[in-house]
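The values are calculated or read from the model by the stated rules, or taken from the named source; none is laboratory data. Just so it is clear, the structure is predicted and the values come from calculations on it, not from any experiment. Reconstructed Cβ throughout: ideal geometry from the backbone, glycine too, with neighbour counts over all protein chains shown.
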Amino acid sequence: MLVIPNQHLDIGCGDHPRNPYRREHLYGLDIRHIDSKDGVIFKKADLNYEKIPFEDNFFGSISAFDYLEHIPRVLVTDQNKTKFPFIEIMNEVWRVLANGRKFYALTPCYPAPQAFYDPTHVNFITEATHQYFCGDNPEGLMYGFKGKFKAEKCEWIIHKDSHFADERSIKQEVRRLLQKSKGKLSHFKWELTAIK
């Protein structure tokens, strides 16, 4: 019998981690120290330089709300070596997710102006960025990506209607389609399944 981990990790969570799949145990990961509270276990790590501090296949789901756009694509280390933090984070997400479990990310997306407003947005996501991590032979392999994801639902969304991974209501879908037809959607959603 396959046992599905009932833990969820929200990376870049701040004080309020999200749990879009409503897992029983919630973990938050942030760059700053946050005391564990309300049954949430918080861990501190700077994912530009550190690994996700959990063992392989630990989580049944992982989310990243308004986080990926803050991760540099390229950094130069103290030893003048090039590293790719965005690729490394995707490796880490894949590593700590159990097989067949989901990564759920919402991020401002090009060409929406919201992708550029915040001066700490350094990683501009497009509708096609997730494809570098998906399929039998992901393009990200040439940059050091070691995993494989299957794209489930990758689409433009209304942020406030996408805090949970549930199917949208008819009202939410109509609102999304109206905003999309006006070119007013700012965020793109990735729902990716880890394949191991």
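Hey, can you tell me all the residues within segment 36-49 that are surrounded by fewer than 17 Cβ atoms within 10 Å (Cβ to Cβ), at pLDDT 95 or above and in a loop (DSSP other than H, G, I, E, B)? Of everything in segment 36-49, those that are surrounded by fewer than 17 Cβ atoms within 10 Å (Cβ to Cβ), at pLDDT 95 or above and in a loop (DSSP other than H, G, I, E, B) turn out to be Ala45, Asp46. Kindly provide the set of residues from segment 132-150 that are closer than 24 Å to Thr82 by Cβ and among the acidic types (Asp, Glu), ordered by number. Hit for segment 132-150 is Glu139, nothing else.
Evaluating Lys81 against the criteria (1) in contact (Cβ under 8 Å) with a residue 24 or more places away in the chain; (2) surrounded by fewer than 18 Cβ atoms within 10 Å (Cβ to Cβ) leaves one unmet condition, (1).
Look at (1) more than 18 Å from Tyr21 (Cβ to Cβ); (2) in contact with a helix residue (DSSP H, G or I) (Cβ under 9 Å, 6 or more places away or on another chain); (3) touching a residue at least 40 places away in the same chain (Cβ under 8 Å) and you find that Phe149 fails only one, number (1).
Scanning segment 138-196 for residues that are assigned to a loop (DSSP other than H, G, I, E, B), over 16 Å from Leu68 (Cβ atoms) and hydrophobic (A, V, I, L, M, F, W, C) yields Ile158, Phe164, Ala165, Leu185, Ile195. Say whether the condition of being among the charged types (D, E, K, R) and buried (at least 21 other Cβ atoms within 10 Å of the Cβ) is met by at least one residue in segment 102-123. Checked against the condition, which is being among the charged types (D, E, K, R) and buried (at least 21 other Cβ atoms within 10 Å of the Cβ), segment 102-123 yields at least one hit.
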